[in-house]
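The structure appears below as structure tokens.
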Amino acid sequence: MQGPSLRWSIVPAGSRSGPLNPRQKSLLLLASARIANLPSVVSNVWLGVALGVVAGGRWAPAGSPWPAAILLALAGCLLYVSGNFLNDWHDRHWDGQHRPERALPLGAFAPAFYLRLALGCGASGVALAGCVGAGSAMVAVAIALCIAAYTRWHKQTPAAILLVAMCRALLPLLFFIEWPLGCAKPGLAHPLAQTRLELAVIAPHALALLFYIAGLSWIARSESQRPSPPSDTRLHARFLLLLAGLLMASWYLITTPLFGLLGLLPFGIWLTLGCTRWAKSPRARVSALLAGVPLLDWVALLPLALSLLTHGKANLFALVCLLLPPLAFLAGRALQRLAAAT
């Protein structure tokens, strides 16, 4: 169930003028949180965990990546939810005119409640990241600042889509930035001096997320405009989506070409479907592309997992790298039937 049909399943036409029942309010709250996108946030965070662990050829400084991975996945989800509640709180007057089916225009919740949720989730996300380390806390603060800046300016300039894209691009760094800081060798002038190669590894992955979310947001913004934007605008946005996949695959196409191509295959198929099958429904297209974010992570994680498995490392870490992105994709699509992703 997508877009407009979901709108009426939450708030039936005949009951919009009366009080909302608890189920309707719960669904509206989940829609405000964009719960359907949380599996992709977990996948983005795990991408950074996997790259940090494999690039270093060892576990995280504490001896195991699992505690940090769990804390940072929760931190990423809290920061993401915080941004959604803050955005809905800030846009409540605009939504009252253009999106009256949303929770605040319907009067389902008080605006102050959304603001408290946004601040509480944001602070909790930064605190959880701080439990892992100072580097993770700094990245979490950077994400929070991008959220605040995007909320303030996204209605005023199309360039604000870079801010929301930056939030996604920073998610893998929550763990990855902590790994080189904790593994620095004694005597170095700066703890990052030995990590130039590792930072070169993370850079194309972060840029891939940046370009994908920027292209997706560009499509969402342009297709809501009236009159419709020129076709070359949509073409440029699709180019960003394709470029994201190629960037995510860049290291693997060089080092393990066959595995790299296998990693690109699911993403390429879903991207093609998103730009063809749902071409006539902008909201369905954007929802499909949002659900495809874990498949972008899989472009890197699938060849990484296959490399580990072919070298006899069939452990839990390799299995999570192999299975988490497709499971996150399926979970996201399933949750879109409960609450809209956009």
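The values are calculated or read from the model by the stated rules, or taken from the named source; none is laboratory data. What you are looking at is a predicted structure, and each value in this text was computed from that prediction instead of being measured. With ideal geometry, Cβ positions are generated from the backbone for all residues, glycine too; neighbour counts draw on all protein chains shown.
Quick check: anything in region 245-253 outside any helix (DSSP H, G or I) and of a type outside the set (Asp, Glu)? Scanning region 245-253 turns up no residue that is outside any helix (DSSP H, G or I) and of a type outside the set (Asp, Glu). Within region 197-221, being surrounded by fewer than 20 Cβ atoms within 10 Å (Cβ to Cβ) and farther than 16 Å from Ala159 by Cβ holds for Leu197, Glu198, Leu199, Ala200, Val201, Ala203, Pro204, Leu207. For region 256-275, check the following and say yes or no: at least one residue is at pLDDT below 90, of a type outside the set (Phe, Trp, Tyr) and farther than 29 Å from Ala305 by Cβ. Looking through region 256-275, none of the residues is at pLDDT below 90, of a type outside the set (Phe, Trp, Tyr) and farther than 29 Å from Ala305 by Cβ.
What do you reckon, is Leu323 without any contact (Cβ under 8 Å) to a residue 40 or more places away in the chain, more than 18 Å from Gly215 (Cα to Cα) and assigned to a helix (DSSP H, G or I)?
Values: without any contact (Cβ under 8 Å) to a residue 40 or more places away in the chain: yes; more than 18 Å from Gly215 (Cα to Cα): yes; assigned to a helix (DSSP H, G or I): yes.
Taking the combined requirement at face value, the residue satisfies it.
Condition check ((1) closer than 16 Å to Ser43 by Cβ; (2) surrounded by fewer than 16 Cβ atoms within 10 Å (Cβ to Cβ); (3) touching a strand residue (DSSP E or B) at 6+ places or on another chain (Cβ under 7 Å)) across all residues:
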residue: Leu290; (1), (2), (3): yes, no, no
residue: Ala314; (1), (2), (3): no, yes, no
residue: Phe317; (1), (2), (3): yes, no, no
residue: Ala334; (1), (2), (3): yes, yes, no
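Out of Ala140, Ala123, Ala118, which single residue is buried (at least 17 other Cβ atoms within 10 Å of the Cβ), closer than 19 Å to Leu174 by Cα and not β-branched (Val, Ile, Thr)? Spell out the reasoning first.
Working: Ala123 fails: buried (at least 17 other Cβ atoms within 10 Å of the Cβ); Ala118 fails: closer than 19 Å to Leu174 by Cα.
After ruling out the rest, the residue left standing is Ala140.
Only a single item in (1) modelled with pLDDT of 55 or more; (2) hydrophobic (A, V, I, L, M, F, W, C); (3) in contact with a helix residue (DSSP H, G or I) (Cβ under 7 Å, 6 or more places away or on another chain) is not met by Ala200, and it is number (3).
Residue-by-condition table, conditions (1) among the small types (Gly, Ala, Ser); (2) closer than 23 Å to Leu290 by Cα:
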| site | (1), (2) |
| --- | --- |
| Gly76 | yes, yes |
| Glu101 | no, yes |
| Gly107 | yes, no |
| Arg116 | no, no |
| Lys155 | no, yes |
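The lone criterion from (1) within 19 Å of Val201 (Cα to Cα); (2) crowded, with 16+ Cβ neighbours inside 10 Å; (3) of a type in the set (A, V, I, L, M); (4) out of contact with any Cys (no Cβ under 8 Å at 6 or more places or on another chain) left unmet by Ile254 is number (2).
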